[in-house]
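Novice: Encoded as structure tokens, here's the structure I'll be asking about.
The values are calculated or read from the model by the stated rules, or taken from the named source; none is laboratory data. Just so we're clear, the structure is a prediction, and the values are computed from it rather than from any experiment. No Cβ is skipped: glycine too gets one built from the backbone with ideal geometry, and neighbour counts run over all protein chains shown. Only protein heavy atoms, including side chains, enter the accessible area calculation; ligands, DNA and RNA are left aside. Shrake-Rupley method; radii C 1.70, N 1.55, O 1.52, S 1.80 Å.
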Amino acid sequence: MTELPERRTVVLITGASSGIGEATARVLAPLGYALALTARRADLLTRLAHSIDPGSAHTLVFPADLSEEADRSRLIAAVLERFGRIDVLINNAGVTIPSGRWWNDPDPLRVIDLNLKVPADLTRRVLPAMLERRSGQIVNIGSVAGRVATHGMYSASKFGLRGFSLALRRELLGSGVDVTLVAPGFVRTAFTSGARLPMPGPDVVAQTIARVLTRPTREAITPAWYGPLALLDALAPSLTDHVVRRVMKRRYQNASDQPASGQDVP
């Protein structure tokens, strides 16, 4: 185990090579966090690490396919070997079906596996040490689609992640371990590359994550204007049907009903 020159909060970020994960690493690095970065693409992870921490003094790169249990085990072991602890787990890695209907996809259940099963498994692996220290934080990256249902498999996974996060937070009340769900709306990432909608970049989510690390909260919807949409769905779902129909038509106007291969976050 490499001793850190000073006590830094150790943050494990999954799906770190692009989109929200990359933006989060770029925001947290200059704030003094030690970062463990994992994703499938070793080249992108390495490039990111060199740009935010040229000497790799406070950064660990660990390429992994988190859908594989063995990779998840090796990831946790590698972070503990390097830093000795995991103070914060940011469950960001995910997958969607980028076009077409989910029922035409050859393996739609992989969405639930990676978006819900993997965060739950990583959480159970880091939680015992956090509870022993009476200190730690789990940040799960959900989606407004986990409040306003729009896509069968993706919304199912994000509704599940929301339920998991809110229940876990209550299970851990008084333990010293905080749980926050960050729920982005449409932001410019690989997930939304085909969308024809105005949307901010992933930095808006990264800044929200940085904020909840110092001021934990139950749930944070970002950008903030998606909050009223979630409230509208709860109070007037038929009106939301109209809004969602128009938005989804714009987003997927070029989408095919043919089977789509999934697009993982790198």
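Novice: Cut-off 18 Å, label point 7 angstrom out along Cα-to-Cβ of residue 69: give me the residues of region 116-143 whose amide nitrogen falls inside.
Specialist: Under cut-off, by backbone N: 116-127.
Novice: If you roll a 1.4 Å probe over region 47-162 with all protein chains in place, what percent of the accessible area is carbon or sulfur?
Specialist: C and S fraction of accessible area: 54 percent.
Novice: Any idea what the dipole of region 82-162 comes to, in debye rounded to 20, about its Cα centre with Lys/Arg Cβ at +1 and Asp/Glu Cβ at -1?
Specialist: 260
Novice: Shifting gears a bit: Give me the distance in nm between label points sitting 7 Å out from Cα along the Cα-to-Cβ direction at residue 217 and residue 56, one decimal.
Specialist: Those two pseudo-labels are separated by 3.7 nm.
Novice: At residue 101 and residue 7, where each label point lies 7 Å from the Cα along Cα→Cβ, what is the point-to-point distance in nanometres?
Specialist: 5.7
Novice: Now, a different point. Kirkwood Rh over Cα pairs of region 130-179 into Stokes-Einstein at 10 °C, 1.306 mPa s: D in µm²/s?
Specialist: Rounded, D is 137 µm²/s.
Novice: Roughly how compact is region 1-111, stated as its Cα Rg over 2.2 N^0.38 Å to two decimals?
Specialist: 1.15
Novice: Between residue 170 and residue 47, what is the FRET efficiency for a Förster distance of 45 Å, r being their Cβ-Cβ separation, to the nearest 0.05?
Specialist: 0.65
Novice: I would also like to ask the following. With Kirkwood's inverse mean 1/r over C-alpha pairs for Rh, give me the Rg to Rh ratio of region 5-51, two decimals please.
Specialist: Reported Rg/Rh (Cα atoms, Kirkwood Rh): 0.96.
Novice: Another question, then. Give me log10 I(q)/I(0) at q = 0.21, 0.23, 0.24 Å⁻¹ for region 66-156, Debye formula, one equal scatterer per alpha-carbon, no solvent.
Specialist: -1.02, -1.14, -1.20
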